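Structure first, then comments.
Values quoted throughout were computed directly from the atomic coordinates according to the rules given, and no laboratory measurement underlies them. A quick note: this is a predicted structure, and the numbers were derived from the prediction, not measured. All Cβ positions, even for glycine, are placed from backbone atoms using ideal geometry, and neighbour counts span all protein chains on display.
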Amino acid sequence: MASELHFRIVPSDVGDAAALVAAMVAEMRELYWDVGGADRGGLDLNSPDMPKAGPAELGPPHGTFLVGYRDGVPVCGGGLKRLPDGACEIKRMYVVPAARGQGVARELLHALEDAARALGYAVARLDTGPRQPHAQSFYQREGYAEVANFNDNPVATYFGEKRLSTPAAG
């Protein structure tokens, strides 16, 4: 059985967080290699037409970035940013290939939702693209209802929203 995940807040452009973000960006570039034409060399998540999700957005005071560690090894990461209407958006979710299929994404999503609640958010949103049907199915299973395009992402085909209930008193 896999050992427990421990989450730490890490700036998205530092150390393990930066490495996870770089791996996610490389995977998306490869997965969407032909988006925008062959001359683009794949999807560029930092292009001007994409929603911003850099260190400024995924950091204090309105955002955060979490890295999940298993036995001291970083296995996942993801962040939150504030949207203009006061909701938050979950961005840059990534699980290393060796840790996939073990419930890590669910734990990461729940940790991000908890972080969103702690920052005062009542609604979380996210998106995913047409070449990630597994992600869409996962988000729907986790309670995200389809909504209209809220962030002008030109590549995404699924936009989800979830009301974040207050955690039960323990």
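A compact table of results
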| read-out | value |
| --- | --- |
| Among [x] 55, 25, 14; [y] 23, 20, 16; [z] 30, 16, 14, the entry derived from the coordinates for semi-axes √(5λ) of the Cα gyration tensor in Å | [y] |
| Extension gain (nm, one decimal) between ALA22 and ILE9, 0.36 nm per residue minus Cα-Cα | 3.0 nm |
| Length added when fully stretched, ALA98-SER47, from 0.36 nm per residue minus Cα-Cα | 15.5 nm |
| Residues listed by number, the range 5-19, amide nitrogen under 17 Å from HIS110 label point at 7 Å toward C-beta | 5-8 |
| DSSP-defined beta bridges in the range 27-152 - what % are antiparallel, rounded to 5 | 85 |
| Point-charge dipole on Cβ atoms (K/R +1, D/E -1) for the chain, about Cα centre, debye to 20 | 300 |
| For the range 5-163, with +1 on Lys and Arg beta carbons and -1 on Asp and Glu, the positive-most of PRO133, GLY68, VAL14 along the dipole | GLY68 |
| Choice from GLY68, GLY59, GLY103 showing the highest fluctuation, given a GNM over the chain with Cα pairs closer than 10 Å | GLY103 |
| Among ARG141, ARG29, ARG131: highest mean-square fluctuation, GNM of the chain, C-alpha pairs under 10 Å | ARG141 |
| FRET efficiency, 1/(1 + (r/R0)^6) with R0 25 Å, evaluated for VAL147 and ALA56 via beta carbons | 0.50 |
| GNM top mover of GLU30, GLU146, GLU113 - the chain, alpha-carbon springs below 10 Å | GLU30 |
| Helix-only mean residue ellipticity at 222 nm for the chain, each DSSP H run of n ≥ 4 adding -39500 (n - 2.57), per residue, nearest 500 | -7500 deg cm²/dmol |
| Magnitude of the charge dipole, the range 89-170, Cβ model with Lys/Arg +1 and Asp/Glu -1, debye to 20 | 160 |
